[in-house]
Amino acid sequence: TQAHVDAVAAAKPLNAYILETPDKALDMAKAADAIRAKGEAGPLTGAPLGIKDLFCTEGVRTTACSNILGNFVPTYESTVTANLWRDGAVMLGKLNMDQFAMGSSNETSAFGDVVNPWRGAGSDRKLTPGGSSGGSAAAVAADLCLAATATDTGGSIRQPAAFTGTVGIKPTYGRCSRWGVVAFASSLDQAGPIAKTVEDAAIMLKSMSGHDPKDSTSLDIAVPDYPSFVGKSVKGLRIGIPKEYRVEGMPAEIEQLWQKGIDWLKEAGCEIVEVSLPHTKYALPAYYIVAPAEASSNLARYDGMRFGLRVDGANLTETYEQTRAAGFGEEVKRRILIGTYVLSAGYYDAYYVKALKVRRRILEDFEQAFEKVDALLTPTAPSAAFGLGENADDPVAMYLNDIFTVTVNLAGLPGMSIPAGVDANGLPLGLQLIGKALDEGTLFSLGGALE
Ligand code: GLN
């Protein structure tokens, strides 16, 4: 823990942590030592972790990297982090992220950009670590924690993992409690880990998961022993390659990466099957209706009365307006506008209801594919990490980054990103494995085989 505390303090230029909690970390490490001395240590006892600032931490400022929650100190702990502390893990601090988890580059944070610890060969251009869990991914990649918590609404665990050469898994919707996690789009949001190895991710997810009566969408189903799946043979498993993910304009290096993954799984004894997910092309537009719609509703609670920032106006309405104008960043305002528009009386059927129908079709596509295969293999993202500022002024270009990841959230399925080597510039690339609902175990076995 001391080594990590020192490393975090020395790594300020990456801007991965927005709040360091060294005293708390050392206290927790001492408590972990006492448990170890009693011979009662588990795999997470004393493990120093970083926590995405979307998770409420009791007595420790939690902002979702927004100004509107700038001084919010929760009086309660999220279930996911409470589970990790129960198992002896240590908190190093709170990690940077896109504001309210809206973004794919960590550039919407009110605390500034996170810098990817990776650089292209012979280049000193600063790159994004991806988003929204950019701080989590950068901290893991730069050895500023052993592993980190993250959340994924449309790819925010998997894409940053791919951009930083780390392992990230978004479990089945309902595996991890959303209680105490600042809400973005409640029907899509899931917590999960970013870690250095598949085994670490399995240990983390096992601790983070489990039924929680405080979240009505939390699944009351036993959590399998995920670590026991790592290293299991994948011989005979059938792996689907969805042909619709071969999108137009996909860079040759992503095409090659995918082929490499296919070859590796063949060598490990898997059978490769082409499958079709015909509604894939509607996923991105459907996601960018459903997610902002839910966000606009969830963010209505930030009214200057109950949490964080208040900018007093001449009357109540003005106080609301001025608080929200000052407290929300540009991207968050864009989502609120899109969300209220698609939910408005005149457009509800044309956009929101249509998007829900598309969502259903996407789920049915997956269900049909999973009658034939055990898991799917795709690239995680359509490119390697891009330069900071490169897409910042073009929201649509930014949204296109999520093309391979949003389908998984719309269908509630588990998805995992595995590091799969580097591109011609020496930058990491990730492969995505998509599993059947509740079948994270198979993903851990396949991830172990690809690692
Ligand atoms: N990039 C996507 C968005 O901006 C996904 C974000 C996430 O998964 N939290 O909505």
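Numbers at a glance
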| quantity | calculated |
| --- | --- |
| Count of residues meeting criterion [under 29 Å from LEU450 (Cα atoms) and among the charged types (D, E, K, R)] in the range 345-395 | 6 |
| Odd one out for GLY192, checked against (1) within 16 Å of the ligand (Cβ to nearest atom); (2) surrounded by fewer than 24 Cβ atoms within 10 Å (Cβ to Cβ) | (2) |
| Qualifying residue in the range 399-411 (condition: away from the ligand (no atom under 14 Å from the Cβ), within 21 Å of the chain's Cα centre (by Cα) and at pLDDT 95 or above) | yes |
| Output for the range 79-112, where each listed residue is closer than 21 Å to ALA384 by Cβ and in contact with a Lys or Arg (Cβ under 8 Å, 6 or more places away or on another chain) | MET97 |
| Boolean, ALA37 is crowded, with 20+ Cβ neighbours inside 10 Å and out of contact with any Phe, Trp or Tyr (no Cβ under 8 Å at 6 or more places or on another chain) | no |
| Only listed residue being modelled with pLDDT of 95 or more, near the ligand (Cβ under 9 Å from one of its atoms) and buried (at least 24 other Cβ atoms within 10 Å of the Cβ), chosen from GLY131, GLY135 | GLY131 |
| Cβ-Cβ under 6 Å pairs, at least 6 apart or on other chains, the range 385-402 side touching a residue at least 40 places away in the same chain (Cβ under 8 Å), far side surrounded by fewer than 17 Cβ atoms within 10 Å (Cβ to Cβ) and of a type in the set (Gly, Ala, Ser) | ASN391/ALA397 |
| Tally of residues being crowded, with 17+ Cβ neighbours inside 10 Å and farther than 26 Å from ARG125 by Cα across the range 1-18 | 3 |
| Qualifying residue in the range 243-252 (condition: without any contact (Cβ under 8 Å) to a residue 12 or more places away in the chain, within 22 Å of GLY168 (Cα to Cα) and out of contact with any helix residue (DSSP H, G or I) (no Cβ under 9 Å at 6 or more places or on another chain)) | no |
| TRP118 in a loop (DSSP other than H, G, I, E, B) and surrounded by fewer than 24 Cβ atoms within 10 Å (Cβ to Cβ) | yes |
| Subset of the range 253-272 that is under 16 Å from ALA162 (Cα atoms) and in contact (Cβ under 8 Å) with a residue 24 or more places away in the chain - its residue that is surrounded by the fewest Cβ atoms within 10 Å (Cβ to Cβ) | LYS260 |
| Positions within the range 132-186 being in contact with a Gly (Cβ under 7 Å, 6 or more places away or on another chain) and of a type in the set (Phe, Trp, Tyr), in sequence order | PHE163, TYR173 |
| THR166 modelled with pLDDT of 95 or more, farther than 26 Å from LYS333 by Cβ and surrounded by 24 or more Cβ atoms within 10 Å (Cβ to Cβ) | yes |
| Subset of the range 144-164 [touching a helix residue (DSSP H, G or I) at 6+ places or on another chain (Cβ under 6 Å) and away from the ligand (no atom under 16 Å from the Cβ)] | LEU144, CYS145, ALA147 |
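Conditions (1) farther than 25 Å from ALA34 by Cα; (2) surrounded by fewer than 21 Cβ atoms within 10 Å (Cβ to Cβ), marked per residue:
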{"position": "PHE55", "(1), (2)": "yes, no"}
{"position": "LEU95", "(1), (2)": "yes, no"}
{"position": "GLN99", "(1), (2)": "yes, no"}
{"position": "THR108", "(1), (2)": "yes, no"}
{"position": "LEU127", "(1), (2)": "yes, no"}
{"position": "ALA142", "(1), (2)": "yes, yes"}
{"position": "ALA148", "(1), (2)": "no, no"}
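The values are calculated or read from the model by the stated rules, or taken from the named source; none is laboratory data. Keep in mind it's a predicted model, so treat the numbers as computed, not measured. Ideal geometry is used to build each Cβ from the backbone, glycine not excepted, and the neighbour counts take in all protein chains shown.
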